[in-house]
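Below is one structure, written out as structure tokens; the observations come after it.
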Number of protein chains: 4
Amino acid sequence: MISTFEALAGQLADVGRHCYERGWALGTSGNFSAVVRSDPLTLAITSSGVDKGLLEPRHIVAIDEHGRVLQGSGTPSAEAALHLAIVRSRGAGAVLHTHSVWSTILSDANADGRLTIEGYEMLKGLEGVRTHAHRERLPIIENTQNWPAAVPRVEQTLRDHPEAHGFLIRGHGLYTWGNDLAEAKRQIEILEFLFEVMGRKRGMGWQP
Amino acid sequence: MISTFEALAGQLADVGRHCYERGWALGTSGNFSAVVRSDPLTLAITSSGVDKGLLEPRHIVAIDEHGRVLQGSGTPSAEAALHLAIVRSRGAGAVLHTHSVWSTILSDANADGRLTIEGYEMLKGLEGVRTHAHRERLPIIENTQNWPAAVPRVEQTLRDHPEAHGFLIRGHGLYTWGNDLAEAKRQIEILEFLFEVMGRKRGMGWQP
Amino acid sequence: MISTFEALAGQLADVGRHCYERGWALGTSGNFSAVVRSDPLTLAITSSGVDKGLLEPRHIVAIDEHGRVLQGSGTPSAEAALHLAIVRSRGAGAVLHTHSVWSTILSDANADGRLTIEGYEMLKGLEGVRTHAHRERLPIIENTQNWPAAVPRVEQTLRDHPEAHGFLIRGHGLYTWGNDLAEAKRQIEILEFLFEVMGRKRGMGWQP
Amino acid sequence: MISTFEALAGQLADVGRHCYERGWALGTSGNFSAVVRSDPLTLAITSSGVDKGLLEPRHIVAIDEHGRVLQGSGTPSAEAALHLAIVRSRGAGAVLHTHSVWSTILSDANADGRLTIEGYEMLKGLEGVRTHAHRERLPIIENTQNWPAAVPRVEQTLRDHPEAHGFLIRGHGLYTWGNDLAEAKRQIEILEFLFEVMGRKRGMGWQP
């Protein structure tokens, strides 16, 4: 397991710096995780308070299903409870959370609590999507500073949107996940691209 | 021929990563090809499903005029039929296909199935154009998930627009081509620049 | 002290080139400082007229509380008086001043002399902020070419806004500060991110 | 003289690739020159048709006051006549010409043939400007494909605007100049920054 954790820590640090470079995880924002072992669940996750432009493997800790640190030093992100909920609910192998300009803007734009994306070829970059005619519905969750208490609400949202590849938190950012880190990273890029298209169109008077 | 294929595979990988860096081929989007030999036709083309930020020469395969793999491992892009049609119709030596934010936006903006660009000095970066007074008309083709079946429609569009240096696919992106990869890459940059100018002007209330 | 000055000079040069790369300190714009010693006050600060893309440790000078050069060659920035005032008023360990497109735009947008930012998760990247519900009020100061004379006005503004993490100068840019350079750099990124979100929303007809 | 030419060729190649990276000289657009000797006038200038992302010192030629090649191989830019006119009229040591998105947009926005920029601190990055209250008036010249014939018109425009630090060509881009390359490069960055501020404000309904 140690070698797996170390390999994932390196990959998570790479993904984190990449997101920083793209402007999706400025300052200490964003957090990133990958499953080291399923049973018992062990999750490698970024520790709290690290500048993502300086993220190194030593900033990754391993936690158990209750969020307790098993390996590494540092405090796991306050949103670790969300990562664990997504892994449980979706069987994800990796969970990525970013704070981009466009996801922040669009998270605040839809009163009905959902962002619908439809008709774009880029949608085929989402796992299992085979056609641009796909309609992706991303739920928008209200922000909180108490994620452990909000976990039941997030789990219900995930059950209500079984097809969703991610969700937005209002005024906050994006969560997406995948079977592995490469898939989750690809989905971040796909969704950020589509957010930028929709945000810019809205600026022109189109409605997304 | 092998050395030519290997050289082109290296150049295609470079172009692909460059487009990824510019944000024109995020995730696994985009595909790129160059003619290895004209008779019988052999085309070097990106294989399907590769993250373009990680594109390497080993991700390029050689295919024949029917899209069958001659060299390398991997599945050619599902849009290989489009690349072959463009090579046949235009005598192109290289074909580049990108998914940018601005081409996606503009592909959806023109009900008459055409994007007209006129009066910009940058137009002179397109092969054979000698004056900014040039009027470039890029046809907009409807998107599909069955490109082999759509080839006759694309060929007809190319015949209907003998002067066009590229075309857009609605909600999808840009195709352009050139006598060689350098020319095709230059045209990608020229057209993407002009799309950004026109898209931003439209956001200001100008009409392109 | 010499080793501290040299270490800070290296870190200030890194921060300056980073801001240049992000487009926040183009040309010779922007200036950056860090406290070498508190008593008597010694401040490491960028010298005037240096292209921030080429900033090197040798472009940093040490000044005393009156702005007189103690170490290094070069003229301290004309805005050194502002840096010293902020260090005195806030007990800051580092002061960063950038000229970005969005801070320039937003500095001119609010007639009441204040930019209010509220409801964004990213606000938690500001020192001491624990919730997205935080309301950040950044005062906007009129621009001048005589900062030594304007120091009392700036000090009054800082007293009037004891909770503010920075201020804008109209048509000019942003000042922020922190206990150390890492904190001040993080706040630059947080505030620039929020400016971009608010500026783009305003372009869409939202009011910040 | 040879060593000067070689040094300037290296610096021009650096500036050209920098402008390419910033998106101000995509494809083969843009051209750049610096004075090697004043009497008789010898100008180092980019040769025509080179991808600015691949610009090397060997792509720079030396020309005389009539545009004849003195050193190096390649055809000087078709706009060499403009560079020579600016050197003569302004006594410039370096002339830079870029094609950016924002300069292209703003060149088309002002019916009265002039872009006025006023009230920004960044204006102080222009040579000799000491206050943000400076009013910069950049004339806008109509585009042509015959610059040798247009030289008298350009010279008249320069005489009519003795204080201008540059001019725009409609639908085409920016010319600026300086006593040396560093000054001209700084002015490119200053003016491009201000174009972006003004263009984005205009997109929001402000008038520049």
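Cα centroids of region C:1-60 and region D:1-78: how far apart, whole angstrom? Comparing the Cα centres of region C:1-60 and region D:1-78, I get a distance of 33 Å.
Using just its DSSP H runs of length 4 or more, each adding -39500 (n - 2.57), chain A gives a mean residue ellipticity at 222 nm of -12000 deg cm²/dmol after division by all residues.
Remark: region C:1-117 carries a charge dipole of roughly 80 debye about the Cα centre, counting +1 on each Lys and Arg Cβ and -1 on each Asp and Glu Cβ. Which distance in Å, rounded to a whole number, links the C-alpha centroids of region B:107-132 and region B:137-208? Answer, in whole Å: 10. Compute the acute angle (0 to 90°) between the alpha-carbon long axis of helix C:80-90 and the principal axis of greatest extent of the alpha-carbon atoms of chain C; round to the nearest 10°. Taking Cα atoms only, the helix is inclined about 70 degrees.
What the phi angles of region B:178-187 give under the Karplus curve with 6.51, -1.76 and 1.60, with θ = phi - 60°, is a coupling list of x, 5, 8, 4, 4, 5, 5, 4, 4, 5 Hz, glycine and proline written as x.
With the label put 7 angstrom out from Cα along the Cα-to-Cβ vector, D:Glu6 ends up 3.5, 3.5, 5.0 nm from the copy partners, going from closest to farthest. Take each residue in C:24-30, count the other chain C-beta atoms within 10 Å of its C-beta, and the mean is 6. Taking θ as phi - 60° and the Karplus parameters 6.51, -1.76 and 1.60, the scalar couplings of region B:145-159 work out to 10, 10, 5, x, 5, 8, 4, x, 5, 5, 4, 5, 4, 5, 5 Hz in sequence order, x denoting glycine and proline. Distances between placed amide hydrogens fall under 5 Å for B:Arg114 paired with B:Ile140, all partners being 5 or more residues away or on another chain.
Shape verdict for region B:57-155, please, from the Cα gyration tensor: rounded (a/c under 1.5), prolate (a/b greater than b/c) or oblate. Prolate.
Label the protein assembly as shown by shape, choosing from rounded, prolate and oblate, from the square roots a ≥ b ≥ c of the eigenvalues of the Cα gyration tensor; if a/c is under 1.5 it is rounded, and otherwise prolate applies when a/b is larger than b/c, oblate when it is not. Oblate, because a/c is 1.5 or more while a/b does not exceed b/c.
Loop sites here are trypsin sites (Lys or Arg not before Pro) outside DSSP states H, G, I, E and B with no more than 11 other Cβ atoms within 10 Å. The longest part of chain C free of them is C:131-208.
Distances between placed amide hydrogens fall under 5 Å for A:Ser48 paired with A:Thr75, A:Ser77, all partners being 5 or more residues away or on another chain. Between identical copies, the spacing of A:Glu118 label points, each set 7 Å from Cα toward the C-beta atom, reads 3.5, 3.5, 5.0 nm from nearest to farthest.
Remark: chain A is approximated by an ellipsoid whose semi-axes, taken from the C-alpha gyration tensor as √(5λ), come to 27, 17, 16 Å, largest first.
The phi-based Karplus calculation (6.51 cos²θ - 1.76 cosθ + 1.60; θ = phi - 60°) puts the 3J(HN,Hα) values of region C:194-203 at 5, 4, 5, 4, 5, x, 5, 4, 4, x Hz, whole numbers, x for Gly and Pro. Taking a ≥ b ≥ c as the square roots of the Cα gyration tensor eigenvalues, region D:125-208 comes out oblate, since a/c reaches at least 1.5 and a/b does not exceed b/c. Backbone amide hydrogens, once placed in the peptide plane, bring C:Thr42 within less than 5 Å of C:Val36, C:Arg37, excluding anything fewer than 5 places away on its chain.
Position B:Arg58: other-copy label points at 3.2, 3.2, 4.6 nm, ordered by increasing distance, label point 7 Å along Cα→C-beta. Candidate cross-link partners of B:Lys124 among the lysines, defined by an alpha-carbon separation under 18 Å and a same-chain spacing of 8 or more, comprise B:Lys185, D:Lys52. Here is the result for region A:11-54: no chymotrypsin sites (Phe, Trp or Tyr not before Pro) lie in DSSP coil with at most 11 other C-beta atoms within 10 angstrom of their C-beta. Taking a sphere under 10 Å around the Cβ of B:Ile169 and counting the other residues whose Cβ falls inside, with K and R at +1 and D and E at -1, yields a net charge of -2. Distance to the C-onto-B rotation axis is smallest for one chain C Cβ; residue and value in angstrom are C:Gly203, 4.
No lab work stands behind these numbers, since they all come straight from the coordinates. Keep in mind it's a predicted model, so treat the numbers as computed, not measured. Heads up, the Cβs are rebuilt from the backbone with ideal geometry, glycines too, and the neighbour counts pull from every protein chain shown.
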